[in-house]
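**Q** Sharing a structure below in structure tokens format, with a few things to ask.
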Amino acid sequence: MWRGAVGRLLRGCAAGSPRAASGSAVAQLRRRLESELEDIRGAGTWKSERIISSRQGPHLRLEGGGAGILNFCANNYLGLSSHPEVIRASVEALEKFGAGLSSVRFICGTQSIHKDLEEKIARFHQREDAILYASCFDANAGIFEALLTPEDAVLSDELNHASIIDGIRLCKANKYRYKHMDMQDLEAKLQDAQKHRLRLVATDGAFSMDGDIAPLREICQLAQKYDALVFIDECHATGFLGPNGRGTDELLGVMDKVTIVNSTLGKALGGAAGGYTTGPKPLIDLLRQRSRPYLFSNSLPPAVVGCASKALDLLMESNAIAQSMAAKTQRFRSKMTAAGFTISGKDHPICPVMLGDARLAAVMAEDMLNRGIYVIGFSYPVVPKGKARIRVQISAVHSDEDIDRCVDAFTEVGRKHGALP
Ligand code: PLP
């Protein structure tokens, strides 16, 4: 409501309108916002958005950039965002169940497809039950407050996703932040947290900026030693990590030791939108009663449910897509390393090409696009100072030729800008 009101007022005081001249609170706000926007531009951290005029996929059309752009920066790890069966399932759900529910779940917003999808998610992850949210951001925002009280403690990796950080901020538990993947630090914090009733260790399964994977075996061992629960965010793992794509817990053989999994339907699982929590039934039951983003936000639209449901069917039928992505990842990582680049992480389709210098990352990404390859440079404050990089993301639907074209372009651009000898 506040945003709507301010928007109307801002539009009303556009240059030339009588209200613009007054020294009103709105004029003051406008000046403050403009100065803040200028600061963002000045700091070089302005995020601009390229406009895609085709479907999501390995080949894109960009407005102003022509067709046939090779895309290496989506989280479309399995290429299901434009899979014909996924699209068909979505259209069928739209036709049968309508555009949307105009309701939250507990009032008038639960359809059979929502219950089916929750059952399927729980089965996929081999957990007791699951609950859907409008996004994984919401799932992360809703879990900690519902689960933890001031008597409890949460221990969070310092590089966890912003939505975990925000979710933890909303809860009243005692908060510990341990150094990134540092098991000594986690153990020290667990020792200190023994005085609290319940301890929950929270970590991303795979970290999206570095493509590194949390040491879940060690985390689970520590959790066992200090009687703690383990929560993982599997947004960059669900559908493709592990022999059957179940995620980091399957990859590292600790499916029975991780208690709670949050993940997204907006990346590998069809890429539409939505998120979920899966875990013990009483926890899911409690979230339905207490989790605010679930209670006070609209149900997932049927078309979105249809996409995710079909994506899960495809993955439960066969692990061929996930294996194809793993082979492509291996091809890219080994060819880039042979060309002389340093690629962060290991065996993950997030392949950060480490460059160090922010300007170098920006000009190289721009020059890659000039050669028809869409990749994005990341620099401070998104990543630490001096650790600028171009993040490449591999998809099962990239062909070997696509991968080779990307490596060739990197080699050429890297030589041109001095990143390679
Ligand atoms: N957690 C992680 C690790 C993510 O990378 C993201 C998305 O970028 C989210 C949560 C949020 O997911 P969603 O897009 O479903 O809100």
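**Q** Under a Cβ-only charge scheme (Lys and Arg +1, Asp and Glu -1), can you give me the dipole magnitude of the range 84-317 about the Cα centre, in debye to the nearest 20?
**A** Using only the charged Cβ atoms, the result is roughly 600 debye.
**Q** Give the cross-link partners of Lys387 among the aspartates and glutamates, using a straight C-alpha distance below 12 Å as the criterion and excluding same-chain residues fewer than 8 apart.
**A** Asp210, Asp357
**Q** Just how far, in whole angstrom, is the range 107-124 from the range 212-258 if you go by their alpha carbon centroids?
**A** Each part's Cα centre sits 24 Å from the other's.
**Q** Report, by chain and number, residues whose modeled amide H sits under 5 Å from the one on Tyr178, excluding near sequence neighbours (fewer than 5 apart, same chain).
**A** Close amide H contacts, sequence-distant or interchain: Ser156, Asp157, Glu158.
**Q** What is the distance, in nm, between label points placed 7 Å from the Cα along the Cα-to-Cβ direction at Asp192 and at Asp166?
**A** Between Asp192 and Asp166, the label points sit 2.7 nm apart.
**Q** How much FRET efficiency would the formula 1/(1 + (r/R0)^6) give for Leu286 and Val104, where r is the Cβ-Cβ distance and R0 is 22 Å, rounded to 0.05?
**A** Using R0 = 22 Å, I get an efficiency of 0.85.
**Q** What does the highest-first list of 406-418, 84-96 look like by mean Cβ count within 10 Å?
**A** The most tightly packed comes first, giving 406-418, 84-96.
**Q** Sorted by packing (mean other beta-carbon atoms within 10 Å per residue), highest first, where do 339-349, 359-369 land? The partial results should precede the final answer.
**A** Working: 339-349: 17.6, 359-369: 19.3.
Highest to lowest by the protection proxy: 359-369, 339-349.
**Q** Order of Thr264, Thr337 from fewest to most other C-beta atoms within 10 Å?
**A** Thr337, Thr264
**Q** Count the net charge of all other residues whose Cβ sits under 11 Å from the Cβ of Leu241, scoring Lys and Arg as +1 and Asp and Glu as -1.
**A** Residues close to Leu241 contribute a combined charge of -3.
**Q** What are the ³J(HN,Hα) couplings of the range 23-29, residue after residue, when phi is run through the Karplus curve with 6.51, -1.76, 1.60 and θ = phi - 60°? Round to Hz, x for glycine and proline.
**A** Values, residue by residue: x, 6, 4, 5, 5, 5, 4 Hz.
**Q** Report the one residue of Val397, Leu147, Ala89 whose Cα lies farthest in the direction of the positive end of the charge dipole of the chain (charges on C-beta: Lys and Arg +1, Asp and Glu -1; origin at the Cα centre).
**A** Farthest towards the positive pole: Leu147.
**Q** In sequence order, what are the phi-derived ³J(HN,Hα) couplings for the range 292-299 according to the Karplus relation 6.51 cos²θ - 1.76 cosθ + 1.60 with θ = phi - 60°, rounded to whole Hz, with x for glycine and proline?
**A** Calculated HN-Hα couplings, in order: 5, x, 7, 5, 10, 9, 4, 5 Hz.
**Q** Here's another thing I want to ask about it. Just the number, please: Stokes-Einstein D of the range 267-421 in µm²/s, Kirkwood Rh from C-alpha pairs, 20 °C, 1.002 mPa s.
**A** 118 µm²/s
**Q** Just the ratio, please: alpha-carbon radius of gyration of the range 14-115 over 2.2 N^0.38 Å, N its number of residues.
**A** Cα-based Rg divided by the globular estimate yields 1.75.
**Q** Toward the positive end of the charge dipole of the chain, about the Cα centre and with charges on Cβ (Lys, Arg +1; Asp, Glu -1), which of Pro243, Gln111, Gly167 goes farthest?
**A** Final value for the positive-end residue is Gly167.
**Q** For Arg123, Arg391, which order do you get if you count the other beta carbons within 10 Å of each Cβ and list the fewest first?
**A** Fewest-to-most Cβ neighbours within 10 Å comes out as Arg123, Arg391.
**Q** Now a separate question. Restricting the count to DSSP beta bridges whose residues both fall in the chain, what percent are antiparallel, rounded to a multiple of 5?
**A** Once the DSSP bridges in the chain are tallied, antiparallel ones form about 55 percent.
**Q** Given a cut-off of under 8 Å on Cα pairs at least six residues apart, what relative contact order in percent is computed for the chain?
**A** Computed over the chain, the figure is 20 percent.
**Q** Setting aside same-chain residues fewer than 8 positions from Lys225, which lysines have a Cα under 26 Å from its Cα?
**A** Lys225 reaches Lys172, Lys175, Lys179, Lys189, Lys195, Lys257, Lys281.
**Q** Quote the convex hull volume per residue of the chain, based on C-alpha atoms, as a whole number of Å³.
**A** On the way: hull volume 73.2 nm³, N = 421.
So the per-residue hull volume is 174 Å³.
**Q** Taking the Cβ of each residue in Cys235, Cys307, Cys171 as the centre, tally the other Cβ atoms inside 10 Å and list the residues starting with the fewest.
**A** Ordered by Cβ neighbours within 10 Å, fewest first: Cys171, Cys235, Cys307.
**Q** Quick one: Karplus J couplings for the range 198-211, per residue in order, coefficients 6.51, -1.76, 1.60, θ = phi - 60°, nearest Hz, x for Gly and Pro?
**A** For the range 198-211, the Karplus-derived couplings read 9, 10, 10, 8, 10, 8, 5, x, 10, 8, 6, 8, 10, x Hz, x marking Gly and Pro.
**Q** Along the Cα→Cβ direction, 7 angstrom out, place labels at Ala43 and Glu119. What is the inter-label distance in nm?
**A** Simple spin-label model gives 4.9 nm for this pair.
**Q** If you don't mind, there's one more thing I want to ask. Once amide H atoms are placed 1.01 Å from N in the peptide plane, what residues at a sequence separation of 5 or more from Thr342, or on another chain, have their amide H within under 5 Å of its amide H?
**A** Counting only residues 5 or more places away or on other chains, the set is Met354.
**Q** List the residues, sorted by chain then number, that are 5 or more residues from Leu229 or on another chain and whose placed amide H is less than 5 Å from its amide H.
**A** Counting only residues 5 or more places away or on other chains, the set is Arg199, Leu200, Val201.
**Q** Size of the dipole of the chain about the Cα centre, Lys and Arg at +1 and Asp and Glu at -1 on the beta carbon, nothing else charged, in debye to 20?
**A** It works out to roughly 1140 debye.
**Q** Give me the net charge of Ser53's neighbourhood, meaning all other residues with Cβ under 11 Å from the Cβ of Ser53; Lys, Arg count +1, Asp, Glu -1.
**A** +2
Taken together, the values in this text are just the output of simple stated rules run on the coordinates, not laboratory data. Treat the numbers as computed from the prediction; the structure is a model and nothing was measured. Cβ sites come from the backbone with ideal geometry, for glycine too, and all protein chains shown count toward neighbours.
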